[in-house]
1. Quick check: pseudo-label points 7 Å beyond the Cα along Cα→Cβ at residue B:273 and residue A:67, how many nm apart are they?
2. Under the Karplus relation 6.51 cos²θ - 1.76 cosθ + 1.60, θ = phi - 60°, what is the ordered set of whole-Hz ³J(HN,Hα) values for segment B:302-316, x standing for Gly and Pro?
3. On a 0 to 90° scale, report how tilted helix B:11-34 is relative to the longest principal axis of chain B, with both axes built from alpha carbons and the result rounded to the nearest 10.
4. Please find, in a Gaussian network model of chain A (springs between Cα atoms separated by less than 10 Å), the residue of A:123, A:36, A:97 whose mean-square fluctuation is greatest.
5. Can you tell me the FRET efficiency between residue B:313 and residue A:152 if r is taken as the Cβ-Cβ distance and R0 is 51 Å, rounded to the nearest 0.05?
6. Rounded to a whole number of µm²/s, how large is the Stokes-Einstein D of the protein assembly as shown at 37 °C and 0.692 mPa s, given Rh as the Kirkwood radius over C-alpha pairs?
7. Under the rule a/c < 1.5 gives rounded, and otherwise a/b versus b/c splits prolate from oblate, where does segment B:16-381 land using the Cα gyration tensor?
8. Near residue B:306, which lysines are there with a Cα under 25 Å away, not counting those fewer than 8 places off in the same chain?
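The values are calculated or read from the model by the stated rules, or taken from the named source; none is laboratory data. These numbers come from a predicted model, not from an experiment. Note that we place each Cβ from the backbone using ideal geometry, even for glycine, and neighbour counts take in every protein chain shown. Areas reflect the complete protein model, heavy atoms only, side chains present, ligands, DNA and RNA absent. Shrake-Rupley method; radii C 1.70, N 1.55, O 1.52, S 1.80 Å.
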Amino acid sequence: MSHKVLVGYFDSEDRLLAATRAARAANLPVHDVYTPYAVHGMEEALGLRHSRLTWVCFAAGLFGLLSAVSLQYFTSVVSWPLNVGGKPFNSAPAFVPVSFELTVLIAGLVTVAAFFLRSWVLPGVSAHALPRVTNDRFALAIATEVARFDPDEASGLMRRHGAVETELAEVAR
Amino acid sequence: MNVQPLALLDRPVRLWVQGLGVAGALTLAGGLVVAPAEAWTSVLVNAFFFLSIGVGSAVFLALMYVANAGWSAAIKRVPEGLAAYVPAGAGTMLFLLLGAGTLYPWAHAAEAATLGDKTRFLNLPAFAARMVAILALWTLFSRALRARSLQQDVDGSVRHTERNVATSAVFLLVFALSFCLACFDWLMSLEPHWFSTIFGLYNIAGMLCATTCAITVATILLMRAGRLPGVTESHLHDLGKLMFGFCTLWAYMWISQYLLIWYANNPEETSYFLARSTGGWSLLFWLNLVLGWALPFLMLLPRPAKRSATNLLWASGFLLTGRWLDLYLMAAPGNSAQSPGLGVLEVAGAFAIGALFVLAVTRALSSAPLIARGDPYLTESLHHHA
């Protein structure tokens, strides 16, 4: 689903940060920002909530740990008990390395997969970036399809905060 | 910005610290007469616990220098202050030489006769010579790093940072080797028939964790006293991440040491863990794992937990207790009876040497501005955002 937005282009992250804070303070409908790299302080400026990805990671890690322990218990105690050096079949120390590795592996893979799914970065999906935001421009997008959008107020505010250019554009997300 | 050096301990607090220190030292002195083996074990555990935090702080500084880290510039006076304890801590270790004959089995003729060629390495003159050399190196490097940093406050020259980077690279190499050797000498040789090649690395992990905790506690206390303007929860977040990482590194080393000995099941290796995981020591043995890793790991897992000063103080408390217990479990079972005699002498040693530590560190912290205004990374650090 694409959105029609009013984009202001800035030439430094400081101006973008100031403009974003001002836009939210002025109750403008901020859609998103597009930057060449992660800008420190932007999550506060945008008022983003804390990512829920950590909970996905935690749950996946727990799942990995439980599956590793059950797999090892089943194979070495229930299904095919082998006497290794006279140790008990159910030996916690021997299970530690595999449990650790599977916890990390499954937590890592599931977190990355969840991130790609949630942000819809998948094979076959293509989206065009705004011009130069992967290089040296910092873009602030104001949503136009809401009632409180006022084109003159929005472009005026962005120009006041150092936007080198403002234009209407369509973004995929 | 307040950069005036000021006394950090109020007079009543300092008197309390001095009083407890003297009381601890007197009790310990009595213990050296009545129960020499237990008392010298207490000296060893406490002297090494505090000294390794001191030298660990110099290592922390060296790691920041070689990594060209910017975030830590605003708090670097804290590890510098902790590292200023190294000369005093070296004194407490040298004091241990007086008890080496009591403490170390290889110093007794009957035991030495069973050790074969190991006595070429494990004998009092060689032991003392190695200890003096190791302590001299640690003192030299930790003083050099701090002296240049203080000089930079005066002249603001970037050359001091450049020279500290070079010194740090050499120090890290010297430290890794000398610290492993120190652990083999001072701790592992308490049971001279037992050996573990990972023992040095295991102690480096524990030391790094305890050091990060000490730096974090000192930073939070100074922040709460309003002495570290510009230090925010972003800096605490980074310290929390290091604490989390190092405590997990310690657990990794713990299981690496335990697992291989458990698997191989050689009597000369398993004797160490058998003495600790059964009988009277087993409770402390498992408690050590809970305090040193399991509990802090869960406490530090969420992001907000690493930014909360109160939570970090609790986690540091558990981890420092865990590290102390870890050292106690390395040192005490070899010389003591079947069960732990954890009691008056251990607490007395902790008070005596702990008081020396607190007084030396607060003195060093008071003697220089707490913000390293000449550091080229200071601006970056004050804008740090984690």
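1. With each label point 7 Å from Cα toward Cβ, the separation is 2.9 nm.
2. Those phi angles translate into x, 4, x, 5, 7, 9, 9, 4, 4, 4, 5, 4, 4, 4, 4 Hz.
3. 10 degrees
4. Of A:123, A:36, A:97, the Gaussian network model singles out A:123 as fluctuating most.
5. Working: r = 53 Å, r/R0 = 1.03.
In this case the efficiency is close to 0.45.
6. Rounded, D is 121 µm²/s.
7. prolate
8. Qualifying lysines at Cα under 25 Å: B:76, B:241.
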